[in-house]
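Novice: Structure provided below as structure tokens; questions to follow.
The values are calculated or read from the model by the stated rules, or taken from the named source; none is laboratory data. Computed from a prediction, not measured in an experiment: that's the story for all the values here. As a convention, Cβ positions derive from the backbone with ideal geometry for all residues, glycine included, and neighbour counts pool all protein chains shown.
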Amino acid sequence: MKTIRGKLLVYFFAFVLLFQVTAVSIFVSSNELTNSYDDSFQRFLLLNAISQKSEELYMHTGMYVTNAKAMNEIDYFKTKNRLENEIEQLENAFDDSNAIEIKNYINLIESFMHESELTVGFVLQDDIENYTYHLEETRIASEYIQASTLEIIDVELTAYQALYQDLQLRNEHFMLFIIFLFITTVMLAICFALWFSKGITQPIHKLAYAAKEVSEGNLLGEPINIQSTDELKLLGDTFHNMRSNIHGLVEEIKDQSELDQLVKEMELKHLQNQMNPHFLFNTLNTISKMAYLEDAKSTSRLIDAVAGLLRHNLGQMDTTISLRNEVEVVKNYFHIQKIRFSERIRFEWNIDENCLEIEVPRLILQPLVENAFIHGIEENENGGAITLQIYELTENIIIEVQDDGAGMKQDTVKRLLSLSNLEEVHVGHSTGIGLTNVIRRLQLHYQLDHVVEIESEQGEGTTIRLVLPKK
């Protein structure tokens, strides 16, 4: 299967190769023209240097004749050596088309140098007649060199004019070629961009349309037909398979949800009808003793608390109530247990009133308080304290039930959090509902796993913390 990345790499290298070939061609042509220009310019410089050196050599020869000093002799030979070097370069600087003229020009220079050497030699012999004659010959040869140099330069200028015209013509051609290359490149780039983007955007539009249908609930749309052989083809086929699988899963979830609803209704009705005889016996026994020992006001308050507690526990289990109502039920429970155990039990609460208007599932606080009382405080001869705190933390409402009783082992804490004892019957609870039942109902209600935290140490007490979202 071809990939979009592979296509891009192939097209990229094709464009790079095209531009590289063009650039190399332009460079080679320009380099040839530049070399021709440089060779011609170097020949001009060489002829000019030979002309200057011949004049300097004649001048040093005359100075040596006039004053035969060692310094003048050194200057003479330096200039002579430089002129010889220039002649060696001259032999390789011109092509075969000017071979005869250059050969005659070199012979003239060599004759000039020979006459100069004879002049110096006769000066050393103090032969005035001969060195005067050869000095004159040297002067004449120097003048011939200047004239010949100008003639050769004139011939070179004629050739250079043709070279310059060719250079101008090539510059015009290069300008036209660059304009043509620019227009062609832009057109190719536009055509390629349209063609390549079409191969990507059309499949994406099809996928976007299919995704819109899915978002509207239509899971039975037409199959996505993508003609390319790259990742988009795989994406289209995968999307179609995913849509079909989602449709199957939705139907399966509907059936399973209906079954779960029936099971939950049975469980809630079963829990609703559970009333613990042990709790009712103790409560009624306390009421009878209070009616005997006290006047009717305290007994009436106790009976109201029991009635409110029973009324709340027998309410519709699959409905939500305000957190304020749950707190009132817990306060009734606190009152009943306070009457039963007097100073042995202390109940405290610290409640933020702004947090009590949220809706929560029924019977989530009373089972926690009962759990703290039965397992943490009741068996302790010295009694203990249970604290209820409700406060706001960022986007959550925190409910803490804390006791200073017996505490729990860490294995027990882990077992409670993992809901491994969900079917356990809690003896002594007025509702028959334990901690794991509360945790599970909160998880189902809020569709969250993290709804409870438990901190406990043996002999130091237990803190159960509910983390409920505001929304």
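Novice: Go through the stretch 422-439 and give me each residue that's touching a helix residue (DSSP H, G or I) at 6+ places or on another chain (Cβ under 9 Å), at negative phi and at pLDDT below 70.
Specialist: Hits for the stretch 422-439 are LEU422, GLU423, GLU424, HIS426, VAL427, HIS429, SER430, THR431, ILE433.
Novice: Would you confirm, using the coordinates I've provided, whether GLN161 is in contact (Cβ under 8 Å) with a residue 40 or more places away in the chain, under 30 Å from ASN48 (Cα atoms), assigned by TED's automatic domain parsing to the domain that holds MET63 and more than 52 Å from the chain's Cα centre (by Cα)?
Specialist: Numbers: in contact (Cβ under 8 Å) with a residue 40 or more places away in the chain: no; under 30 Å from ASN48 (Cα atoms): yes; assigned by TED's automatic domain parsing to the domain that holds MET63: yes; more than 52 Å from the chain's Cα centre (by Cα): yes.
For GLN161, the condition - in contact (Cβ under 8 Å) with a residue 40 or more places away in the chain, under 30 Å from ASN48 (Cα atoms), assigned by TED's automatic domain parsing to the domain that holds MET63 and more than 52 Å from the chain's Cα centre (by Cα) - is not met.
Novice: Strands (runs of 3 or more DSSP E) wholly in the stretch 315-421 with at least 1 residues that are farther than 15 Å from VAL438 by Cα, modelled with pLDDT of 80 or more and touching a Gly at 6+ places or on another chain (Cβ under 9 Å) - which ones? Break it down stepwise before answering.
Specialist: Numbers: elements: 320-322, 345-351, 359-361, 384-393, 396-403.
It comes to 345-351, 384-393, 396-403.
Novice: Is the stretch 213-231 home to any residue that is modelled with pLDDT under 70 and in a helix (DSSP H, G or I)?
Specialist: The answer is yes, given that some residue of the stretch 213-231 is modelled with pLDDT under 70 and in a helix (DSSP H, G or I).
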